[in-house]
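Derivation of every value follows stated rules applied to the coordinates shown; laboratory data play no part. The shown structure was predicted, so the numbers you read here are calculated from the model rather than taken from an experiment.
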Amino acid sequence: MDVERRLRLLSLLHYVYGVFISLAGTALLVVVLIGVFMHSDLMADEAGSDMPRWLGAGMQVFGWAVFLLVETVGVLNIISGSLLSRRRGRTFSIAVAILDCFNIPLGLLMGIFTLVTLFDRRTEDAYGLTAAAR
């Protein structure tokens with residue numbers, strides 16, 4: 001597979017993966033909603049128990065934190081796809097690929113494919129890197 005075709009495929013995969021991750025991140029809002037429900041007065045009245053209110057607040061904070069983290073990874077992948085299509089931001093795409101490797105199994109495959117592609121000499125030539133920059 002030639003370098004230009006490989007970079008176009010990689011750019012498309014980053015777009016698709018970024019959108020997929022962002023959509024999956026919205027599912028995490030269910031944790032936030034459960035936390036809101038647990039923290040509400042309705043839950044305390046209906047349960048008739050001494051459920052600690054901090055538990056619901058903790059779930060809300062946890063849900064929002066994980067949601068923001070996942071959405072950030074999704075947006076970074078979309079930005080990386082844009083940069084790959086314009087043959088710019090190679091270092092940024094490498095950093096995103098390393099971050100993707102922590103998301104097993106799809107992110108790991110995506111990260112490895114990105115790293116192998118971006119460290120290929122022909123790809124470096126497509127980015128216009130000189131021998132001194134290597």
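Before moving on, here are some points about what is shown:
- Helix 53-85 vs. the chain, principal-axis angle (Cα, 0 to 90°, nearest 10): 20
- Calculated mean residue ellipticity at 222 nm for the chain: -25500 deg cm²/dmol, from DSSP H runs with n ≥ 4 weighted as -39500 (n - 2.57), summed, divided by the residue count and rounded to 500.
- P(r) tail for region 60-121: Cα pairs beyond 18 Å make up 36% of the total.
- Segment Tyr127-Leu106, length gained on full extension (0.36 nm per residue, minus Cα span): 5.0 nm
- Relative contact order of the chain, defined on C-alpha pairs under 8 angstrom at six or more residues apart (%): 29
- Rounded tilt (10° steps) of 29-39 against the dominant C-alpha axis of the chain: 20
- With Cα atoms, 0 to 90° folded angle of helix 3-26 axis to the chain main axis: 0
- Each semi-axis of the equivalent ellipsoid for the chain is √(5λ) with λ an eigenvalue of the Cα gyration tensor; in descending order they amount to 44, 12, 10 Å.
- Extension gain, Phe119 back to Ser85 (0.36 nm per residue minus Cα-Cα distance, nm): 10.6 nm
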